[in-house]
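First the structure, in the form of structure tokens, and then the observations on it.
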There are 2 protein chains.
Amino acid sequence: MISKKMQEQVQNSSVIRAMFEEGKRLAGIHGAENVFDFSLGNPNVKPPEDVKKAIMEIVNDGEAAGVHGYMNNSGYEDVRAAIAKSINDKFDTTFTHNNIIMTVGAAGGLNVIFKTLLNPEDQVITFAPFFGEYRSYVKNYEGELVIISPNTIDFQPNLDEFKEKITPKTKAVIINSPNNPTGVIYSEETILKLSGILKEKQKEFGTDIYIVSDEPYRELAYDNIEVPYLSKYYENTIIGYSFSKSLSLPGERIGYLVISDQAADFENIISAANIANRILGFVNAPSLFQRVIAKCLDAKVDLEIYNRNRELFYNALLSYGYECIKPEGAFYMFVKSPIENEAEFCRMANKKNILIVPGSAFGCPGYVRIAYCVAYKTIEKSLPGFKALIEELKK
Amino acid sequence: MISKKMQEQVQNSSVIRAMFEEGKRLAGIHGAENVFDFSLGNPNVKPPEDVKKAIMEIVNDGEAAGVHGYMNNSGYEDVRAAIAKSINDKFDTTFTHNNIIMTVGAAGGLNVIFKTLLNPEDQVITFAPFFGEYRSYVKNYEGELVIISPNTIDFQPNLDEFKEKITPKTKAVIINSPNNPTGVIYSEETILKLSGILKEKQKEFGTDIYIVSDEPYRELAYDNIEVPYLSKYYENTIIGYSFSKSLSLPGERIGYLVISDQAADFENIISAANIANRILGFVNAPSLFQRVIAKCLDAKVDLEIYNRNRELFYNALLSYGYECIKPEGAFYMFVKSPIENEAEFCRMANKKNILIVPGSAFGCPGYVRIAYCVAYKTIEKSLPGFKALIEELKK
């Protein structure tokens, strides 16, 4: 028999599986090209040509040098040094390879850092709406996820409630900007206030509170909006980065942690994260792709493809009467459900062959998430359905 | 500050790190070519040429099909089907893709299955000597590792003690054959007796006890010795496989779980393992290498290279007066320390620039592990040191 904890997980996941099955069922009836699946954050934009070139180069001259072998659990030293340099060049920081741990994507990195930091019952704060997997990542290490309710005006974090909910048990705060599911980028003003509150509370309680910045969407920011680099604002900062979206490599599981040497207990965090990477079973980030991304640190997917999707989709939905904040980054829109029960709205959308995710999954009922990392044509073809949906509800 | 659990881990790991640092220090003094590092299981034999060919083929025509994208958390269905077929062809089993979950190596697979199965305080039995990481893999999920003391006659499991130590809390038994660190292959007789005991105890306690067979060394068996396929002997069998050694790809982190549909609670185990893969942060096994190994299921590293090392090393050590059982598989020898305190023996070896691992790390003091997955020349050059060591001790 499976463990009690996993029994709960299996039950909870049945909702998402049901949606997946519904999508397959619809595709069976209407043809896959007539089902509009906006439920997944699986990038449709191809990786930059540099990725293929890098793989070819490495495989052609790399095997003798053990390109598929084990290395230090934290990753190849030269790859980590190249990443540190690239961050320093962009953000005027002073990292070395010692600050970088290569991880199995950002999800692997977050698990490594929570394993490193959390004692049972330690609290981790997140701001709704948030990526639902944080629940599991924190629970894996017996931590408690504390959710700050959403600010649905502009989806910047609700800092008044944040201040109230910090306790002596608060060990970490997750920041996710550009945000999944809203596409909002936390402004520099927000970051300054937020880090100010943390500094105050650290002093008040005599504790260390770490910001864990989950940044898979950092490179996906439109209109040249700047995404503040957290370690410049707050000493106890740990950054979880991923190449899943910046290079469209989500299946390859490649990312890294940046652990600021300004962070309290830095040496122990580095040692422990190295061990956590090993004992959680990751062992190390995939070796070939460590070398691949080192050759692609200046490469980026074609953001204009997502931007076209964003403009089309956002403007169309607004013209039909939907309410939505314009996403500044990532490839999601967080749209207010025209009816209070957004799960019901998702079911109605299903009937128009449209698959979208209820906001409850992100701790923010009354809204739905639409992932627009799909073909332009898919969006175009889905628009009449969205129009009809809201018109029916207005009647 | 890091978590209490990780503080212990950081302290414990300092021994291994000390050895690693000692190796670097010796290399600095004597030159790397004069330091004989037998401490790591990092394969020196190159991957088969098929691996490179497969990477090239896939990358050349694969990108359009999303070769680097997300797939089902359990892995590509066609890859899993190909693996099932390959197992069926070899072992006359009847698996389908439904029985296979692609994992981040065997270490990832073991973590997924223990997360799936273990409630706090559940017991997992292992036979000394055993791969030391099992301690962490079980502790990650609050389980208790129960160690059966070694049978140093032939290093087959001690089944009398095994029988006594099974309790109503026993949830799983780890089998690792060919074994790390001894190189011993558990005989069919052993497997029959062992599964007989388990069946009896399951009945007695009214429980399900799963065999978790950790098989990264399955393909590394010399002299055509057969390694019994566990699911044929016992219904509650879960196999953790890895391509790390069979294809020399340890850095790429690619393996799979086989979950027999004869296993109790099969459907839930499959669902829960799929979710565990996701929430532990693996998400899925690396996508490119899923496709690569599917094209290399009949490929294998050149075993003769390890075999030559084995014959040279084993015969030489025996002729000097060392005691050791001849390894039948893997690339390790487990040699009796000429003095009782094997850690002291390892330190003496260090002075001859020889790096080997104390048996205590594998739950079997009085022995040392020698990994011979190194260049033939390294072994040759190290032999005078081994000879001198035992002669000094005989004086």
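The values are calculated or read from the model by the stated rules, or taken from the named source; none is laboratory data. Everything quoted here is computed from the prediction, not taken from an experiment. Positions of Cβ are generated from backbone atoms using ideal geometry, with glycine treated the same way; all protein chains shown enter the neighbour counts. Areas reflect the complete protein model, heavy atoms only, side chains present, ligands, DNA and RNA absent. Shrake-Rupley method; radii C 1.70, N 1.55, O 1.52, S 1.80 Å.
A few points about this structure:
- Segment A:139-149: number of residues that are open to solvent by 30 Å² or more (accessible area, probe 1.4 Å) and outside any loop (DSSP other than H, G, I, E, B): 4
- One residue from A:S213, A:S287 being closer than 17 Å to A:N179 by Cβ and among the polar types (S, T, N, Q): A:S213
- Looking across segment B:383-395, the residues that are open to solvent by 20 Å² or more (accessible area, probe 1.4 Å), within 19 Å of B:I339 (Cβ to Cβ) and either in contact with a Cys (Cβ under 9 Å, 6 or more places away or on another chain) or not aliphatic (A, V, I, L, M) (or both) come down to B:K387, B:E391, B:E392, B:K394, B:K395.
- Scanning segment A:319-328 for residues that are open to solvent by 30 Å² or more (accessible area, probe 1.4 Å) and either of a type in the set (D, E) or in a loop (DSSP other than H, G, I, E, B) (or both) gives A:G321, A:E323, A:I325, A:K326, A:E328.
- Here B:E380 clears all of (1) assigned to a helix (DSSP H, G or I); (2) open to solvent by less than 20 Å² (accessible area, probe 1.4 Å) except the condition numbered (2).
- Exactly one residue among B:T182, B:T237 is more than 14 Å from chain A (Cβ to nearest Cβ), on the phi < 0 side of the Ramachandran plot, touching a Cys at 6+ places or on another chain (Cβ under 9 Å) and not aliphatic (A, V, I, L, M), and that residue is B:T182.
- Of all residues in segment A:16-31, those satisfying the criterion of being open to solvent by less than 100 Å² (accessible area, probe 1.4 Å) and farther than 24 Å from A:K245 by Cα are A:A18, A:E21, A:E22, A:L26, A:A27, A:G28, A:H30, A:G31.
- Verdict on B:F334 being at negative phi, among the hydrophobic types (A, V, I, L, M, F, W, C), open to solvent by less than 10 Å² (accessible area, probe 1.4 Å) and part of a helix (DSSP H, G or I): no
- Check on B:V45, farther than 28 Å from A:N42 by Cα, more than 10 Å from chain A (Cβ to nearest Cβ) and aliphatic (A, V, I, L, M): yes
- Candidate set: segment A:10-38, residues that are modelled with pLDDT under 90 and within 12 Å of chain B (Cβ to nearest Cβ); chosen: the one farthest from B:I279 (Cα to Cα): A:K24
- Residue match in segment B:82-103 (condition: hydrophobic (A, V, I, L, M, F, W, C), part of a strand (DSSP E or B) and over 30 Å from A:I58 (Cα atoms)): yes
- Within segment B:157-167, considering residues that are assigned to a loop (DSSP other than H, G, I, E, B) and open to solvent by less than 30 Å² (accessible area, probe 1.4 Å), the one nearest to the other protein chains (Cβ to nearest Cβ): B:I166
- Qualifying residue in segment B:348-367 (condition: part of a loop (DSSP other than H, G, I, E, B), at negative phi, more than 26 Å from the chain's Cα centre (by Cα) and touching a residue at least 12 places away in the same chain (Cβ under 8 Å)): yes
- Of the residues making up segment A:95-138, just one is at the interface with chain B (Cβ under 8 Å from one of its Cβ atoms), farther than 23 Å from A:I166 by Cα and open to solvent by 10 Å² or more (accessible area, probe 1.4 Å), namely A:A107.
- Restricting B:D37, B:D78, B:D50 to residues that are open to solvent by 50 Å² or more (accessible area, probe 1.4 Å), over 28 Å from B:K139 (Cα atoms) and over 24 Å from the mean Cα position of the chain (by Cα) narrows the list to B:D78.
- Residue among B:N73, B:N119, B:N111 that is of a type in the set (S, T, N, Q), within 22 Å of A:K4 (Cα to Cα) and outside any loop (DSSP other than H, G, I, E, B): B:N111
- The selection criterion, being part of a helix (DSSP H, G or I), open to solvent by less than 10 Å² (accessible area, probe 1.4 Å) and not basic (K, R), does not hold for B:I197.
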